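Engineer: Please find one structure pasted underneath; my questions will follow.
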Amino acid sequence: MKSDIFDRVTLFARVIVPLAVPRTYTYRVPVEMNEEIIEGIRVVVPFGKNKLYLGVVLSIGETPPNSYEAKYILSVLDNVPLLKSTHLAFWRWLSVYYMCYPGEVMQAALPAGLKMQSETKIILNPEINAEDFDLDDREAIIIRQLRKDQELSPERISKLLDLKNCYKYIKSLHDRNLILFIEELEDSYRPLYSKIIALAPAYQDDTILLEIFNTLEKKAPAQMAVLARFISAKGLYGNIKKEDLLKFGGVTESGLKALVKKEILLEAKSERGRLEMSRGFDSVKIDLAPFQQKAYESIVNDFADKTVVLLQGVTSSGKTHIYFKLIEDTLAKGKQVLYLVPEIALTTQLIDRVKQQFGNRAVVSHSRFNSNERVEIWNAVANSNADVILGPRSAVFMPFVNLGLVIVDEEHENSYKQYEPAPRYNGRDAAIMLASFFKAKTLLGTATPSLESYHNVLSRKYGYAQLSERFGGIKLPEIEVVDMKEEKRKKLLKGLFSKTMLNEIQETLKGGEQVILFLNRKGYVPVTTCGDCSWSPTCVNCDITLTYYKSSNRLRCHYCGYTREPVERCPACGSTHLLMEGYGTERLEDEVKMFLPEVPVGRMDYDTTRTKTGHQRIISDYKQGVVKILIGTQMVAKGLDFDNVRLVGIMHADQMISFPDFRAAERAFQLMVQVAGRAGRRDKPGKVIIQTYKPDHPVIHQVLAHDFKEFYGSEIAERHKFNYPPFSRLIKLTLRHKDYNLLQKASEHLYSKLRLVLGSGVLGPQTPSVGRIRNYYLKDMLIKIDNEAKGISNTKNWIRQQIMIFNEIKDYKSVYVHADVDPY
């Protein structure tokens with residue numbers, strides 16, 4: 001029984017608002033809402049002078065805040081919690097571990113359709129008479145429309161004035177107090193409706209219906225045909241979508257419209273989902289080969305006392321078969337599965353295989369769905385209508401009810417790392433922690449484990465299983481290294497190709513087989529320079545040279561998107577001797593077409609896969625043999641499976657090996673092994689050709705020998721020597737400001753404060769390779785925390801406090817500082 005309203009206690013709720021503020025805010029709960037407020041629901045709260053935000057209730061208590069007077073919660077949006085305590089605990093962990101704000105986690109976690117939007121509305125000031133002011137024509141239009149409509153949005157005013165920017169006039173009216181601003185929260189989720197046709201209740205009688213048929217037969221035969229089709233399809237009591245009814249022969253739009261007008265048939269709107277969900281599916285029996293069965297049993301045994309197991313399997317060894325077997329086991333227990341993949345391009349082939357095996361119990365989640373679709377995917381997971389969730393790193397935020405298994409495919413991939421905006425989390429590590437909150441198991445799968453994961457295996461923190469042979473007895477591809485220095489000296493180069501590479505491509509195509517050419521650089525050429533004075537076109541907003549794109553005939557900045565037309569004459573010295581240095585996937589595509597003009601070529605990079613279905617179209621064309629040569633960046637190295645690929649060409653191995661980063665050798669080894677694994681993946685042996693100017697580099701030899709253990713041994717020794725992960729934790733602090741001198745002074749000040757406690761563990765401050773982005777200058781500091789040091793979380797908290805103290809200094813308040821924990 002509800003207690004009397006006067007006897008109720010005063011409650012206060014801690015609420016996460018979707019802003020980059022250090023703390024959650026406490027709000028007072030109106031007494032009449034006491035029984036509605038529970039953890040995990042969405043509420044509308046005021047914040048600042050006149051802003052409304054949608055927040056999430058984190059906790060409820062009876063203690064008011066000490067330092068400010070709590071404002072009231074304005075409304076409750078949910079009857080049941082949107083988020084369970086497990087999800088809120090996961091959010092808290094992300095915020096603490098990755099040194100970001102709770103509101104930033106909320107922004108990343110919730111689909112846009114569930115966050116609602118704060119929209120500014122403009123109303124007349126009732127205390128001011130506009131007739132007392134001189135208004136120009138456009139201001140007068142706004143005032144007249146406000147008198148008519150009561151309120152307007154800035155977008156509505158723009159359309160009214162036929163101007164893209166109307167803020168000049170809005171500001172003028174507001175400065176004179178003629179108008180006021182109010183904030184309204186607008187729900188951005190829009191349900192999808194279908195028009196449903198049903199027989200009116202008055203005619204759901206055989207006798208009456210027969211009379212109608214007789215009347216229509218004489219006076220309106222077209223209407224009779226529509227009614228007959230409806231009855232034959234759905235009977236007296238059924239209903240049918242209008243679009244489906246119109247597909248029947250003899251059913252016309254005009255005939256249907258007439259029956260609706262006569263109220264013989266009724267037309268109504270019915271909400272329908274954008275996803276086709278079904279609980280039933282026909283499972284195909286999963287038969288494992290003996291070596292796969294052995295690995296599967298090893299994983300199951302390790303799960304008895306380990307929460308995380310690493311499955312290392314050579315390319316084309318059938319790791320997916322083992323994943324499916326474990327998914328089947330988990331579903332049989334009534335639990336959900338999270339299946340992470342590093343890139344959206346990977347899900348195109350994989351989702352078909354998952355759907356084939358698990359039916360519509362599987363859904364895919366990724367950012368290229370529109371906001372309405374993402375809300376419906378969220379609801380499907382929350383309502384347990386989806387049991388297998390396949391997606392990239394952002395899928396860790398799905399509202400799982402009973403998570404039993406997490407699979408992280410290609411766990412070594414740096415695509416799992418989020419860079420901008422915060423939270424700058426690693427999807428693999430976040431997934432492991434998410435699984436721990438649900439007491440679920442995690443399987444990490446890859447042919448080339450990250451050094452951290454393999455180190456955890458050797459330290460007995462993770463279990464381990466191995467697949468050392470390819471499925472069906474297929475041999476690993478033959479790898480040939482071409483010394484480009486020798487090719488150049490002997491004048492055997494043909495454009496970007498060695499003689500060996502071009503000959504192998506031609507032989508492969510003659511045999512009716514396909515080729516993949518790997519180059520980890522997009523665009524046409526990365527650098528254009530003047531051959532006389534060395535001038536290069538640079539971005540006006542960033543300290544970076546512009547990349548030329550032939551498809552658009554524009555120079556483009558990869559950081560801010562600035563573009564300009566290419567120059568024909570050097571603006572510095574006037575020379576026309578302009579050189580294009582280096583090459584990207586666009587230029588490689590041109591070169592292939594020049595040497596092999598009759599061969600269909602496809603290109604898979606960021607620019608060709610930006611659309612929702614771009615990657616799917618490219619993969620489909622290649623799989624069906626429409627495209628014979630596929631050129632791609634690292635996307636082609638990530639788990640794609642093609643039947644007819646015999647040759648893989650790695651165009652420029654040195655580009656990866658020479659990258660200035662302590663992980664360069666690890667990434668180069670992983671990429672080359674992974675892309676090489678695309679060759680010979682069915683019943684034919686494949687071949688890989690690596691073009692390099694450094695044929696004696698240790699990484700090249702280790703790739704040649706397919707020797708991960710040798711690579712791990714040499715690389716882990718280097719990491720230990722210089723105290724890099726997995727022997728330390730890294731935190732990168734980046735400071736940003738438009739004034740370089742102020743930034744320099746600020747970075748030295750923060751460095752000196754950190755150095756007092758952390759000593760030599762603080763490196764920097766230094767200007768990164770790209771020292772200015774979007775007109776902001778940058779300074780980096782790298783903090784190393786020894787893994788054996790006690791209180792790593794306390795150290796993080798101390799660093800966070802120092803950043804807050806730094807931002808309170810008057811001169812440095814405008815300097816933005818962000819932390820990147822475990823930078824990748």
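The values are calculated or read from the model by the stated rules, or taken from the named source; none is laboratory data. Given the structure is predicted, the values throughout are model-derived calculations rather than measurements. Every residue, glycine as well, gets a Cβ built from its backbone with ideal geometry; the counts of neighbours run over all protein chains shown. With ligands, DNA and RNA removed, areas are computed over all heavy atoms of the protein, side chains included. Shrake-Rupley method; radii C 1.70, N 1.55, O 1.52, S 1.80 Å.
Engineer: Just add up the charged neighbours of CYS542: K/R +1, D/E -1, any other residue whose Cβ is under 9 Å from the Cβ of CYS542.
Structural biologist: With Lys, Arg at +1 and Asp, Glu at -1, the net is +1.
Engineer: Tell me, how many Å apart are the Cα centres for the stretch 387-445 and for the stretch 137-158?
Structural biologist: Centre-to-centre (Cα) distance: 48 Å.
Engineer: How large is ³J(HN,Hα), in whole Hz, for each residue of the stretch 767-784 in order, when computed from phi with the Karplus curve 6.51 cos²θ - 1.76 cosθ + 1.60 and θ = phi - 60°, using x for Gly and Pro?
Structural biologist: 7, x, 4, 10, x, 8, 10, 6, 6, 9, 7, 10, 9, 10, 10, 10, 10, 9
Engineer: Here are some values of Cα extents along the principal axes in Å: (1) 123, 78, 53; (2) 90, 76, 68; (3) 84, 63, 62. Which one was computed from this structure?
Structural biologist: (2)
Engineer: Could you state the accessible area per residue of the stretch 1-87 in Å², with a 1.4 Å probe and every protein chain left in place?
Structural biologist: Per residue, the stretch 1-87 has 58 Å² of solvent-accessible surface.
Engineer: Sticking with this structure for a sec: Hey, if you drop one equal point scatterer on each alpha-carbon of the stretch 11-82 and run the Debye formula without solvent, what base-10 log of I(q)/I(0) do you get at q = 0.24, 0.25, 0.26 Å⁻¹?
Structural biologist: Per q value, in the given order, log10 I(q)/I(0) is -1.12, -1.22, -1.32.
Engineer: Please compute the per residue accessible area over the stretch 494-640 with all protein chains in place, 1.4 Å probe, rounded to a whole number of Å².
Structural biologist: Per residue, the stretch 494-640 has an accessible area of 45 Å².
Engineer: Taking H as built 1.01 Å from N, whose amide H comes closer than 5 Å to the amide H of ARG603, not counting residues under 5 places away?
Structural biologist: Here the answer is ILE631, since their amide H atoms fall under 5 Å of that of ARG603.
Engineer: Still on this structure, I have one more. Distance between the C-alpha centers of the stretch 68-132 and the stretch 298-322? Whole Å please.
Structural biologist: Comparing the Cα centres of the stretch 68-132 and the stretch 298-322, I get a distance of 41 Å.
Engineer: Got a number for carbon plus sulfur as a percent of the chain's accessible area, 1.4 Å probe?
Structural biologist: For the chain, the apolar C and S fraction of the accessible surface comes to 49 percent.
Engineer: Would you grab the residues whose amide H sits under 5 Å from the one on GLY523? Only those 5+ places off in sequence or on another chain, please, with H modelled 1.01 Å from N.
Structural biologist: Excluding prolines and chain starts, which carry no amide H, the hits are THR585, GLU586.
Engineer: Could you run the Debye sum over the Cα atoms of the stretch 296-336, one equal point scatterer each and no solvent, and tell me log10 of I(q)/I(0) at q = 0.20, 0.22 Å⁻¹, two decimals?
Structural biologist: Computed log10 I(q)/I(0) values: -0.68, -0.81.
Engineer: Calculate, for the stretch 331-474, the solvent-accessible area per residue in square angstrom, rolling a 1.4 angstrom probe over the heavy atoms of the protein chains.
Structural biologist: 32
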